[in-house]
Amino acid sequence: MNHEFRLVFQLPAVAAAVNDWVEALAEAGCDDAIVGTGHPGRVALDFCREAENAEQAIDSAIKNVAAAIPGAELIEAAPDFAGLTEISEIIGISRQALRKQMLSRPDFPRPIHCGNPSLWRLAPVLDWLKRHRTYRIDPGLQAVARHNMRLNTQQQVRQSERLIEKLAVAGEMGG
C-alpha cells in the first residue's frame, strides 16, 4: 500500500551543501520523495512510500533522513493540522456544509487553534466524520494522520521540555 505524507526537518547548524544532502537523501532511501529546499535551514520531503502500514512508511522515512543528514530534527509530520477548507476537500463536501455540521454538533472535535484560520487535528475529525456522518474516509489517510499526530505531539513535548530547561537556566543565571 502506498502512503502519502510530508516530513519537515530542521537541518543541523553545520550542514553540507544542498546538492550534497539531496544526493545523500536519495542514497539513503528517500528516492520516493520530492525534496523541497525553499526555506533556509529546513528540508521538506513529500513522500509516496510503499509499506504494509502508515507507521512503517513514516518511521522508515524518518530513519532514512536521519541516516542521510545526521543531526536533522523532525519538526513536523503532515497531514496532521488542517483547516475546514482542507478537511472539506478531503471528504468531498463544501466548506459551508462542514462548518454547519461543526456548529450544530457539540461533540464535533475541538480545534487546537481558534483563529483565522482555526485548525484541527485531522485524525480526530476524520474519525468523528466516519462515525457520525458515515463519510467514506480513506483508511490509509486516517492511519497516516493518526501516526503524524503522535509524532507531532511527541515533538512538541520534547521542544517544550528543552524550552523549560533553557528558561530555568536563564532564571538561575539572572536571578
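The values are calculated or read from the model by the stated rules, or taken from the named source; none is laboratory data. Predicted, not measured: the structure shown is a model, and the values here were computed from it. Positions of Cβ are generated from backbone atoms using ideal geometry, with glycine treated the same way; all protein chains shown enter the neighbour counts.
Looking only at residues that are small (Gly, Ala, Ser) and in a loop (DSSP other than H, G, I, E, B) in the stretch 103-118, which one is modelled with the lowest pLDDT?
Gly115
For the stretch 43-61, how many residues are in a strand (DSSP E or B), of a type outside the set (A, V, I, L, M) and crowded, with 16+ Cβ neighbours inside 10 Å? Step through it out loud before you land on a result.
The initial filter retains those residues of the stretch 43-61 that are in a strand (DSSP E or B), namely 43-50.
After this cut, where a residue has to be of a type outside the set (A, V, I, L, M) as well, the list is 46-50.
If we keep only those that are crowded, with 16+ Cβ neighbours inside 10 Å too, we end up with 47, 49.
Counting residues in the stretch 43-61 that are in a strand (DSSP E or B), of a type outside the set (A, V, I, L, M) and crowded, with 16+ Cβ neighbours inside 10 Å gives 2.
Counting only residues that are crowded, with 16+ Cβ neighbours inside 10 Å and among the charged types (D, E, K, R), which one in the stretch 5-41 is farthest from the chain's Cα centre (by Cα)?
Among them, the one singled out is Asp32.
Identify, by number, the condition in (1) in contact with a His (Cβ under 9 Å, 6 or more places away or on another chain); (2) over 20 Å from Gln156 (Cβ atoms); (3) charged (D, E, K, R) that Asp20 doesn't meet.
Here Asp20 meets the rest and fails (1).
Mind counting the residues in the stretch 102-123 that are farther than 13 Å from Gly83 by Cα and surrounded by fewer than 17 Cβ atoms within 10 Å (Cβ to Cβ)? Outline the logic, then answer.
Within the stretch 102-123, the first condition is being farther than 13 Å from Gly83 by Cα, and the residues that meet it are 103-108.
When the remaining residues are screened for being surrounded by fewer than 17 Cβ atoms within 10 Å (Cβ to Cβ), the result is 103-107.
Number of matching residues: 5.
In the stretch 68-93, which residues are of a type in the set (Gly, Ala, Ser), over 30 Å from Cys114 (Cβ atoms) and surrounded by fewer than 15 Cβ atoms within 10 Å (Cβ to Cβ)?
Of the stretch 68-93, the ones of a type in the set (Gly, Ala, Ser) are 68, 71-72, 77-78, 82-83, 88, 92.
Now narrow it down to the ones that are over 30 Å from Cys114 (Cβ atoms): 68, 71-72.
Residue satisfying the conditions is Gly71 alone.
Output the residue which, of all residues in the stretch 119-175 that are of a type in the set (Lys, Arg) and assigned to a helix (DSSP H, G or I), is modelled with the lowest pLDDT.
The first filter runs over the stretch 119-175 and keeps only residues of a type in the set (Lys, Arg), leaving 121, 130-131, 133, 136, 146, 150, 158, 162, 166.
From the residues that got through so far, the ones that are assigned to a helix (DSSP H, G or I) too are 130-131, 133, 146, 150, 158, 162, 166.
Details: Lys130: 91, Arg131: 90, Arg133: 80, Arg146: 98, Arg150: 98, Arg158: 92, Arg162: 90, Lys166: 88.
So the residue we want is Arg133.
Say we look at the stretch 90-102 and pick out the residues that are outside any loop (DSSP other than H, G, I, E, B) and either outside the structural domain of Arg133 (by TED's automatic domain parsing) or of a type in the set (S, T, N, Q) (or both); which of these is modelled with the highest pLDDT?
The qualifying residue modelled with the highest pLDDT is Gln96.
Suppose the filter is over 19 Å from the mean Cα position of the chain (by Cα), of a type outside the set (Lys, Arg) and on the phi < 0 side of the Ramachandran plot; does Pro79 pass it?
Details: over 19 Å from the mean Cα position of the chain (by Cα): no; of a type outside the set (Lys, Arg): yes; on the phi < 0 side of the Ramachandran plot: yes.
When the stated conditions are applied, Pro79 does not pass them.
Return the residues of the stretch 138-155 that are surrounded by fewer than 19 Cβ atoms within 10 Å (Cβ to Cβ) and of a type in the set (Val, Ile, Thr); say none if nothing qualifies.
Thr153
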